[in-house]
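J.: Quick one: the structure is below, and I'll ask about it shortly.
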Amino acid sequence: MKKTNGKERTAVTLVVNGVTHELNVGDQPYQVSPCHTLAQTLRETLGVTGTKVGCDQGACGSCTVIMDGRPILSCMTLTIQCHGSEITTIEGLADPASGKLHPIQQSFVDHSAFQCGFCTPGIIMASKSLLDRHPSADKQAVKEALSGHYCRCISHYQVVDAVMDVAEKGEGDR
Amino acid sequence: MTKKYRFIGKTTPRKDGVAIVTGKADYIDDIHPVSMLHGKVLRSPHPHANITAIHTDKAKDAPGVRAVLTHADVPPWMTGMPRHVKVLDQRVRFVGDAVALVAADTLEQATAALDLIEVTYEPLPAVFDMDAALAPGAPQLHDIFPGNLVTDFPAFGPNTLSKVVRGDVEKGFEAADFISEGTFGYENIANPLPIEPPGVIAQWEDDQRLTVWSGTQSASWHRWIMQSKMGFPDIRAITTQCGGSFGSKNYAPQCLFYASALAKETGRAVKVCYTKDEHFGAFVLRLGSRFCGKIGMKKDGTVTAVAGDWMVDNGAFSDMSQSQIAVGCGEAQLVLNCENWNLTTKLVCTNRCPSGVIRGFGGQELESAFAPILADVMAKAQLDPVEFFKKNYVKPGGKYIWREGNLWTCRGKDYTDAMEKGAVSFGWKDKWNGWLVPTAVEGSKRTGVGIGIHGNADVGEDDSEAYIRLNADGTATIHASVSESGMGQRSSLCKMAAEVLQLPLEKVHMTPPDTLVNPFDFGLVGSRGTYAVGSAVINAAEDALKKLFERVAPELQAQPEDLDTLDARIFVKGKPEQAMGWGRAIGIMRSVTGYGEFKSDYSVPNFLALFVEVEVDTQTGAVKIKRVVTSTDAGQIIDPPSLNGQLYGALGSAGLDTAVFEETIIDKKSGHMLNMNMCDYKWRTFNELPEFENVILETPFPTHRFKAIGVGEISTSPGPGAVLMAVSNAMGQHMTDYPLTPDRILKVWGEKKGIKNETV
Ligand code: FES
Ligand code: FES
């Protein structure tokens, strides 16, 4: 990796959707500044824009990604804190070879569990993480896991149905 | 007679569904035209001030900065109705008003440069409510609005409705058995707050041609409305996926001005996406609304007179406020069948973030404000509100003056059925115990029920045009300027076209929302997508088929009217062997194009009733929404999940919850917003969902081939009044203030019980 200005730079290694990225720390457009959030790095530096930023204040859940098995708010996480982590975004859910949708994604399509769809990637990632850990979570657990997710269109009812459909089938932890 | 449809009325996947669930759907902040710059806005800390000096040299010299603009060097574009809002002004009129613009290579550089702009302000006295704004000697916001009153109503032509004067109110009140009066407000100025903040990218192709990308709800507004505000450049408006709008992102004139001014200065594409702070503090709020007047009624629920003054607070400037007043005046007449009206209006400017277009569009604001008076007079008459609304909602043959000033005769339908079916599903008869009587009391928990109704004749508003191109490969392409902001309307239009053309749904596509490639469409407002845009698309599909049949009839030795088509194969009716594929019929190097249009029609109002059951805890003051039932008649459902989603939306976008907890709080001393973040601005979470049921009737409407009308826009509107009524019944006391936060509940309960509590 190229070093800039002869200064010592540390690098951050991220595994995003199975691909390893080694990013220099610095303030050039292709580098990661110490103040960059993971949301910024994913969207601006790596061009993975499926992760949405609704508030940038840690209050809407739209920027949720899965880091090392747990759902996190990527707008509240500094990229330099994520060194060595494995991150899954909405782009990493479908089967890479066949393009087949993950059962949760498919269920969201089947239930039209979205209106504007801006909250959807975050909600799907949180649901995936929940069902990975609790494959047959009940309705209350689903609602609680999604309680930090803002959906202004009120797709909640269809979202809960979509997630429960997968939970009941036990397909969530594919 | 039930008609069998192949797609209409069935649940089909949204055409953009896979893109949404895989993260491929592009929203405005996901796109980056080549060599794009980032724009930022410096905002005023003062609610009202003159800018006496502004120095930009340091900002201009900062790294990455390409342009800094102030009121002295922005283009002379103007927005507002009538025009009174410049791109940047030497005077700021609310905390958050724009002071200067910066474009830089990165967002961080643009943000950092804002701090280097030196501004000297001369603070001016400010007014934060209508009383202060109208007081003699009050500070004036705009020279063209003396007394802070906007009196020019050009919204819908020379006779735009700014009052309702019909019949003889004096006689009406004489004939009344009961009269209630008072002054009540719906002044939460709540924020529709779509999850995605607004944003625009602008790029000048040459001096006269401007391209703008944005996540708007109505694709063409950024062309046809903005052209007249900017000296008529040729604007190409492209819409990305829109992360929620609820009216607010029909267009974004300020944001578009900022991006376009910076783009002009730099010769580059410039993106201006608001932060959540700006979305809260400098975009659009609901109108503030106050009704001071009276309603007269006979024992049998006949409304004999409505008189009063509707005072509307539009904040620092007016853009669509007059349009909302006009529609609100029309909608009140739909809800209250009355021959005698004297409803006047006042539109007032105050030093706060402006109001804009929001779902509910005037009617929600007016009806929520007079709800306490209506409740009081119904209670005096001991009338069941369901019976009252059944009697008074406009019926076929009923007359109303609509927004443009013409008298219309309703040729829609009687919604009595919808109200009755909703009441049955809700269990109204068992739960309604009379006015100010709770449904149940268990310790400190008191249950009550309420109903609100709303309707809009804008389902057929304004004009639409569409083309449909039939292709030799057995596909069809709809050319219509339609965005996707959550209603699923693009998919629903594809369903309508597929049904007419009898093509598999996956063979029907739509051009992107781009005014360069599509004819005019007014946009997705007032629930017009189903009837107005739908009619244009259906007509285009029928026209295309007619042309196709005419072309092949001779070869199939038949008359065009004897032909039919199925899955891109044309055949003679009754003789399926006499057939030809579209490939041969159209010709591989050709296509067949049909045209369809729709002209405005305000004679078919839609309708929604909302029943609500609440539980009030008189110990904590908490109001819990337990159950909601909506009921309507949609004529024919096009897509069940999309329609249900729109109706669930009653809980979102500054709707029902404006009666429970939603409000924008402005400090009356400094003019600063006190809850402009998503923790302090309350919203409903997954944990707090009431039971919710939609009762949707399907009685054919005299609209288009599929006999449908839209109803999505109005779902937020009946909720606030319904909640007020339900809480009043639970408490045994008329509740009149929005929102019914715990402090308000406890205060009223304490007074009722004679409990003194110093803290409330
Ligand atoms: S964008 Fe991260 S929580 Fe809202
Ligand atoms: S679908 Fe629009 S915010 Fe959830």
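The values are calculated or read from the model by the stated rules, or taken from the named source; none is laboratory data. Treat the numbers as computed from the prediction; the structure is a model and nothing was measured. Note that we place each Cβ from the backbone using ideal geometry, even for glycine, and neighbour counts take in every protein chain shown. All accessible areas refer to the heavy atoms of the entire protein, side chains included, with ligands and DNA or RNA removed. Shrake-Rupley method; radii C 1.70, N 1.55, O 1.52, S 1.80 Å.
J.: Treating each Cα of the protein assembly as shown as an identical point scatterer and ignoring solvent, apply the Debye formula and state log10 I(q)/I(0) at q = 0.06, 0.10 Å⁻¹.
T.: Log10 of I(q)/I(0), two decimals: -0.42, -1.21.
J.: Give the interface area between chains B and A as buried accessible surface, both sides summed, probe 1.4 Å, in Å² to the nearest 100.
T.: Working: alone 28420 and 9120 Å², together 33450 Å².
The summed interface area works out to 4100 Å².
J.: Please compute the length gained on full extension between B:Asp309 and B:Thr593, using 0.36 nm multiplied by the number of residues separating them and subtracting their Cα-Cα distance. Don't skip to the end; give the middle numbers.
T.: Values: separation 284, 0.36 × 284 = 102.24 nm, distance 5.20 nm.
Answer, rounded to one decimal: 97.0 nm.
J.: Right, next: Which far-off residues, 5 or more places away or on another chain, put their amide H under 5 Å from the one on B:Leu42, with H placed in the peptide plane?
T.: Counting only residues 5 or more places away or on other chains, the set is B:Val99, B:Ala100, B:Leu101, B:Val102.
J.: Something else: Using per-residue counts of other Cβ atoms within 10 Å, averaged over each peptide, order B:701-714, B:740-753 from highest down. Intermediate results must be reported in sequence, preceding the final value.
T.: Working: B:701-714: 24.0, B:740-753: 17.1.
Most protected by this proxy first, the peptides run B:701-714, B:740-753.
J.: Which residues' amide hydrogens lie under 5 Å from the amide hydrogen of B:Ile235, considering only partners 5 or more residues apart or on another chain, with H built in the peptide plane?
T.: Close amide H contacts, sequence-distant or interchain: B:Leu210.
J.: So how much slack lies between B:Thr511 and B:Lys573, counting 0.36 nm per residue of separation and subtracting their Cα-Cα distance, in nm? Intermediate results must be reported in sequence, preceding the final value.
T.: On the way: separation 62, 0.36 × 62 = 22.32 nm, distance 3.20 nm.
Once the chain is fully extended between B:Thr511 and B:Lys573, it gains 19.1 nm.
J.: Let me ask another. Work out from phi, with θ = phi - 60° and the Karplus expression 6.51 cos²θ - 1.76 cosθ + 1.60, the ³J(HN,Hα) of each residue of the stretch B:643-657, listed in order in whole Hz, and give x for Gly and Pro.
T.: 5, 4, x, 4, 6, 4, x, 3, 7, x, 6, 6, x, 3, 6
J.: Suppose each label sits 7 Å from its Cα in the direction of the beta carbon; what would the B:Tyr5-B:Gln90 distance come out to in nanometres?
T.: Spacing of the two 7 Å Cα→Cβ label points: 5.9 nm.
J.: Can you give the % of DSSP beta bridges in the stretch B:620-760 that are antiparallel, to the nearest 5? Mind dumping the intermediate values first?
T.: On the way: 1 of 8 bridges.
About 10 percent, rounded to the nearest 5.
J.: While we're looking at this one, here's another question. Which residues belonging to the stretch B:670-704 lose at least 50 Å² of 1.4 Å-probe accessible area when the assembly is complete, relative to their chain isolated?
T.: Buried by 50 Å² or more upon assembly, which counts only protein chains, are B:Met678, B:Trp683, B:Phe686, B:Asn687, B:Leu689.
J.: In chain B, carbon and sulfur make up what percent of the accessible area (probe 1.4 Å)?
T.: Details: 13510 of 26390 Å².
On chain B, the fraction of accessible area on carbon and sulfur atoms equals 51 percent.
J.: Another question, then. Would you pull out the residues with amide H under 5 Å of B:Gly182's amide H, same chain only if 5 or more places away, H placed 1.01 Å from N?
T.: B:Gly293
J.: Same structure again: So, R0 is 56 Å and r is the distance between the beta-carbons of B:Arg584 and A:Ser147; what FRET efficiency does that work out to, to 0.05?
T.: 0.45
J.: Once you place label points 7 Å from the Cα toward the Cβ at B:Asp473 and A:Gln140, how far apart are they in nm?
T.: With each label point 7 Å from Cα toward Cβ, the separation is 5.3 nm.
J.: Continuing with this model, one more query. When the Cα centres of the stretch B:561-607 and the stretch B:639-709 are compared, how far apart do they sit, in Å?
T.: Answer, in whole Å: 39.
J.: Next question, about the same structure. Label points 7 Å out from Cα along the Cβ direction at B:Lys669 and B:Thr620: separation in nm?
T.: 3.2 nm
J.: Considering only protein heavy atoms, what per residue accessible area in square angstrom results for the stretch B:604-705 with a 1.4 angstrom probe?
T.: For the stretch B:604-705, the solvent-accessible area averages 31 Å² per residue.
J.: Moving on. How many Å² of accessible area per residue for the stretch A:103-169, probe 1.4 Å? Let's see the in-between values first.
T.: Numbers: 1890 Å² over 67 residues.
About 28 Å² of surface per residue is accessible.
J.: How high is the FRET efficiency from B:Asn50 to A:Lys100, r the C-beta distance, R0 45 Å, rounded to 0.05? Could you put the intermediate results ahead of the total?
T.: Values: r = 63 Å, r/R0 = 1.39.
Given R0 = 45 Å and the Cβ-Cβ separation, E is 0.10.
J.: If you take the Cα atoms of the stretch A:103-169, find Rg, then find the Kirkwood Rh from the mean of 1/r over all pairs, what is Rg/Rh? All intermediate terms of the calculation are to be shown ahead of the outcome.
T.: Numbers: Rg = 10.4 Å, Rh = 11.4 Å.
Result for the stretch A:103-169 is an Rg/Rh of 0.91.
J.: Would you calculate a helix-derived [θ] at 222 nm for chain B, using -39,500 (n - 2.57) for each DSSP H run of n ≥ 4 and dividing by the full residue count, to the nearest 500? Each step should come with its number before you reach the end.
T.: Details: 19 runs with 186 residues, N = 760.
Theoretical 222 nm ellipticity from helices: -7000 deg cm²/dmol.
J.: Still on this structure, I have one more. Only protein chains counted, 1.4 angstrom probe. Which residues of the stretch A:100-141 are at least 50 Å² less accessible in the assembly than when their chain is isolated?
T.: When all protein chains are present, A:Val109, A:Ser112, A:Phe114, A:Gln115, A:Cys116, A:Phe118 each give up 50 Å² or more of accessible surface.
J.: Taking 0.36 nm per intervening residue step and subtracting the Cα-Cα distance, what contour gain separates B:Ala135 from B:Lys547 on full extension?
T.: Values: separation 412, 0.36 × 412 = 148.32 nm, distance 6.56 nm.
Length gained between B:Ala135 and B:Lys547: 141.8 nm.
J.: Using only helices, what value at 222 nm comes out for chain A when you add -39,500 (n - 2.57) per DSSP H run of length 4 or more and divide by the total residues, to the nearest 500 deg cm²/dmol?
T.: Working: 4 runs with 43 residues, N = 174.
The per-residue figure over chain A is -7500 deg cm²/dmol.
J.: Would you mind working out the accessible area per residue for the stretch B:460-598, using a 1.4 Å probe, and quoting it in Å²?
T.: Numbers: 5120 Å² over 139 residues.
Per residue, the stretch B:460-598 has 37 Å² of solvent-accessible surface.
J.: Just to be sure I follow the rule: in the stretch B:1-94, considering lysines 8 or more places apart or on different chains, how many pairs have Cα atoms under 30 Å apart?
T.: Step by step, the pairs that qualify in the stretch B:1-94 add up to 10.
J.: Assuming R0 = 45 Å, can you tell me the calculated FRET efficiency for the pair B:Arg209 and B:Glu170, based on Cβ-Cβ distance, to the nearest 0.05? Could the numbers behind the result be given before it?
T.: Numbers: r = 59 Å, r/R0 = 1.31.
It comes out at approximately 0.15.
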